[in-house]
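My structure is below; once you've seen it, I'll send some questions.
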Amino acid sequence: MRKLILIFAIIWVSSSCKSTYTVTVYNLEPAPVVLAKDIKRIGIINEVGDRATSENIASLEALVKATDIKLSREGTEAALEGLLAELQKDKRFDTVMILSKTASLWERESNETKTIPWRDLKNLCLQNQLDAVFSLAFYQTDTRIMEKKSSMEELDMLRTRVVIPARELTLETLIENGWRIYDPFEEKVLDEIEVNEQVVTQAKGEDALNALRSMTDRADSLVSKSRGSGSAFGMRLKPSNKAVERQIYIKGSPLLVQAEQAVIDEDWLEAARLWQMDLNHEKPAIRAMACHNMAVLYEIKNDLDKALEWAIQASTHDDGKAHSQYLETLKTCASQKLQAEKQWEAIALLRK
């Protein structure tokens, strides 16, 4: 018992002595993919072949596998639709279309190296007057099945709720999909990315098969994740705000401690007032912490110029690793923001 109390005391002391508080900031980053200005007409293709449905579905594993094959088809369609919807929002493109039955382009390749059929892709573009091809390169699901004893309520013949033995079924489905952008005329892969996502579904039933049949939301979750994956791939053509974590000092001086509640409440005016009172602290380390906190505050406000000024002051007071690393991070963020803003300007010009 004493040992247990000691463990809880150590946990409480360590948590109460935490010297920083984590906040989230959003920084503008450039688009990972930049297409040539003359790419105006886009075709979307599906490289994924059709999987055969299992004939024997008597067992739970076989039924899950058969269900996954059906859901994979729906997920593939949703992924393509998500990409189509995202690209159609982009006014840089004159035409965006999904081309059907294109998986056969890869099936015709006789060698085992999965060579990209550039000639066929080029002919496809010429036939449909396209400049580039976006592709769902692969899509597959892998489901882990977990089953255990449980209980559930049901109504008996007298409409009274009773507890009966049940089986709890958990399905963890990993969705793996890959995307590519082809320039058939230059024979280049302009972008390639793999995305992994997970859908976890739980249900109870009198037996495992009944539990599986009651998972009515599993298909919707998988389709939603897949559509989001397609949309996210289309967004790689635009600058975006990325969420990152920063640390604010809440220990070291009475004023830093006092400012903690203001930070939690996001009362940045009060927090800044207290931090600025520490700028003349006798200890350089405290002055550096106050400057660091001011830098994070201006990063939250998306004023990276001011954030850099405060970060430089923090490094001047204390040239420790934490302050110098944050200064270099801010320099990178400022450079990326500038690049992203130039991309937005170029995109705006192309839309006119």
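The values are calculated or read from the model by the stated rules, or taken from the named source; none is laboratory data. The structure displayed is predicted, hence computed values, not measured ones. Here the Cβ positions follow ideal geometry from the backbone for every residue, glycine too, while neighbour counts run over all protein chains shown. Surface areas here come from the heavy atoms of the whole protein model, side chains and all, with no ligands, DNA or RNA. Shrake-Rupley method; radii C 1.70, N 1.55, O 1.52, S 1.80 Å.
Kindly provide the set of residues from the stretch 160-169 that are under 13 Å from Ala203 (Cβ atoms) and either touching a helix residue (DSSP H, G or I) at 6+ places or on another chain (Cβ under 6 Å) or without any contact (Cβ under 8 Å) to a residue 40 or more places away in the chain (or both), ordered by number.
Arg167, Leu169
Within the group Leu237, Leu279, which residue is more than 30 Å from Leu83 (Cβ to Cβ) and modelled with pLDDT of 95 or more?
Leu279
Can I ask one more? Determine, yes or no, whether Ile286 is open to solvent by 70 Å² or more (accessible area, probe 1.4 Å) and over 30 Å from Glu81 (Cβ atoms).
no
I'm told His292 meets every condition in (1) touching a strand residue (DSSP E or B) at 6+ places or on another chain (Cβ under 8 Å); (2) exposed (fewer than 14 other Cβ atoms within 10 Å of the Cβ) except one. Can you identify the failing condition by its number?
Exception for His292: condition (2).
Right, here's the next one. What's the total number of residues in the stretch 303-343 that are over 21 Å from Gly252 (Cα atoms) and open to solvent by 90 Å² or more (accessible area, probe 1.4 Å)?
7
Return yes or no: is Gln247 in a helix (DSSP H, G or I), under 30 Å from Thr20 (Cα atoms) and open to solvent by 20 Å² or more (accessible area, probe 1.4 Å)?
no
Is there a residue in the stretch 67-90 that is at pLDDT below 85, of a type in the set (S, T, N, Q), assigned to a helix (DSSP H, G or I) and over 30 Å from Leu212 (Cα atoms)?
Within the stretch 67-90 (the criterion being at pLDDT below 85, of a type in the set (S, T, N, Q), assigned to a helix (DSSP H, G or I) and over 30 Å from Leu212 (Cα atoms)), the answer is no, since none of the residues qualifies.
Taking only pairs six or more apart or across chains, which ones have beta-carbon atoms under 6 Å, a first residue in the stretch 258-277 that is in contact (Cβ under 8 Å) with a residue 40 or more places away in the chain, and a second residue that is among the hydroxyl-bearing types (Ser, Thr, Tyr)?
Hits for this filter: Val263/Tyr21.
On the basis of being open to solvent by 50 Å² or more (accessible area, probe 1.4 Å), closer than 29 Å to Ala85 by Cα, of a type in the set (A, V, I, L, M, F, W, C) and free of Cβ contacts under 8 Å to residues at least 12 places away in the same chain, does Leu190 make the cut?
No.
Of all residues in the stretch 211-244, which are part of a helix (DSSP H, G or I), open to solvent by less than 50 Å² (accessible area, probe 1.4 Å) and either of a type in the set (Lys, Arg) or out of contact with any Phe, Trp or Tyr (no Cβ under 9 Å at 6 or more places or on another chain) (or both)?
Ala211, Leu212, Arg218, Ala219, Ser221, Leu222, Val223, Gly228, Ser231, Leu237
Scan the stretch 330-352 and report the pairs whose first residue is more than 20 Å from Arg41 (Cα to Cα) and at pLDDT below 95 and whose second residue is open to solvent by less than 40 Å² (accessible area, probe 1.4 Å) and part of a helix (DSSP H, G or I), with Cβ atoms within less than 7 Å and a gap of 6+ or a chain change.
From residues that are more than 20 Å from Arg41 (Cα to Cα) and at pLDDT below 95, there are no pairs.
Could you pull out the residue among Ser150, Ser214, Ser224 that is of a type outside the set (Asp, Glu) and at pLDDT 90 or above?
Ser224
Looking only at the stretch 79-97, how many residues end up being crowded, with 20+ Cβ neighbours inside 10 Å and more than 22 Å from Cys125 (Cβ to Cβ)?
1
While we're looking at this one, here's another question. All but one of (1) within 33 Å of the chain's Cα centre (by Cα); (2) within 25 Å of Leu256 (Cβ to Cβ); (3) modelled with pLDDT of 95 or more hold for Lys321; state the number of the condition that does not hold.
(3)
Let me ask you something else. Given the criteria open to solvent by less than 20 Å² (accessible area, probe 1.4 Å) and under 28 Å from the mean Cα position of the chain (by Cα), does Ala208 qualify?
No: the conditions fail for Ala208.
Considering each residue of the stretch 298-337, count those that are part of a helix (DSSP H, G or I), touching a helix residue (DSSP H, G or I) at 6+ places or on another chain (Cβ under 9 Å) and closer than 20 Å to Ala31 by Cα, and give that number.
7
Identify, from the list Glu147, Glu176, Glu153, Glu172, the residue that is free of Cβ contacts under 8 Å to residues at least 12 places away in the same chain and either of a type in the set (Asp, Glu) or open to solvent by less than 40 Å² (accessible area, probe 1.4 Å) (or both).
Residue meeting the stated conditions: Glu153.
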